[in-house]
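Report on the structure given below.
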């Protein structure tokens, strides 16, 4: 207690801690049964490093976070370029770069710096959000790192970069209708990779949404819808030439997992078996057959939720989702009480990024989304991912600590 009010947001810290404990338990279980327990200790070490970094950020002058945003963004871009030339290829993507004996995934850290730069730009008094230039530069800030990640190529991470653009821009005051106009062609083009019937359905739904949101028909709505449809038809026709073979296979097995049950569809099928077999209360810690017998390869990474579902059951899964929801709501509460535009945009960006990560990760483990390699925040094995997520919480804790100065 300092000057009559608490400077540490214990709730936010507690929700993060609960998620990390879930992750460490799941990683221990998943790695212990297959003789890879060193992964648990590595994740524990990264957690320790993350705590040190959090302490540094927590006591940093809050004004420096905003002032250094562009510089940090430039550093993030530098490492994304560096990994293209000197990176290590893992699972079909050149996403890792080694610094000494430590392997780092720059795309995970660059997510944070990109959100900070976008918030800095949109919160500036010199930015005219009503002008075409304002829209162009805001989108460019996020698209440049997304494009570099796409070159690795890492489709899943690229999608997460695009997840926070529109929520942050809407929070900044951009007209939702015009954002829909801009987003629709890109969205329909991506839908073309999946299924032509989905493409036609979403084209019609998108057109109707544009008409309703504008309260009337405008010729631009038809042009945008047809442009998106044309883009979708192009990607549908040439998907095999555009995507990597493993990415194309993932989409095919998402639409029909039984088309390759022993190959690309294997993980998705085994994941659903693991989660379903856990029942309501789970099989117990270290008692999951799918987990301990390693039916799902490297389940401590993108399929970590399977371990939770099998060993802790529906109850464990609900507690985990409740922790995520509590974390998101606490962050949004900070948005509502700290009247500072940079803070508002930064925290909305963090929540948007986490929300999409959780939706895609859990969705792909239960068959709602294709397997695209998106980790579950705070839980999946990976030092860069854990560190990046802890940095975001540290920034939020810094804002809470300085809330009186920021306009509480």
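Values quoted throughout were computed directly from the atomic coordinates according to the rules given, and no laboratory measurement underlies them. Note that the structure is predicted; figures quoted are calculated from it, not measured. Reconstructed Cβ throughout: ideal geometry from the backbone, glycine too, with neighbour counts over all protein chains shown.
Overview of results
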item	result
Segment residue 49-residue 215, extension gain: residue separation times 0.36 nm, minus the distance between their alpha carbons	54.5 nm
Over the range 10-403, relative contact order from alpha-carbon pairs under 8 Å, at least 6 apart, %	26 percent
Alpha carbon centroid spacing (whole Å) that separates the range 100-150 from the range 295-373	22 Å
Length-normalised contact order for the range 286-408 - Cα pairs under 8 Å, 6+ apart - percent	27 percent
Distance between modelled label sites at residue 74 and residue 404, nm, 7 Å Cα→Cβ extension	3.6 nm
For peptides 7-17, 369-379, 336-346, sequence by mean Cβ density within 10 Å, most packed first	369-379, 336-346, 7-17
Where a label projected 7 Å from the Cα of residue 280 along Cα→Cβ would reach, residues of the range 316-360 with amide N under 17 Å	316-319
GNM result for the chain, Cα springs below 10 Å: residue of 288, 50, 279 fluctuating most strongly	279
Most mobile listed residue (89, 215, 283) in the chain, GNM with C-alpha springs under 10 Å	215
Theoretical ellipticity at 222 nm over the chain - DSSP helices of four or more residues, -39500 (n - 2.57) apiece, nearest 500	-23500 deg cm²/dmol
Residues 109, 170 arranged by fewest to most Cβ contacts within 10 Å	170, 109
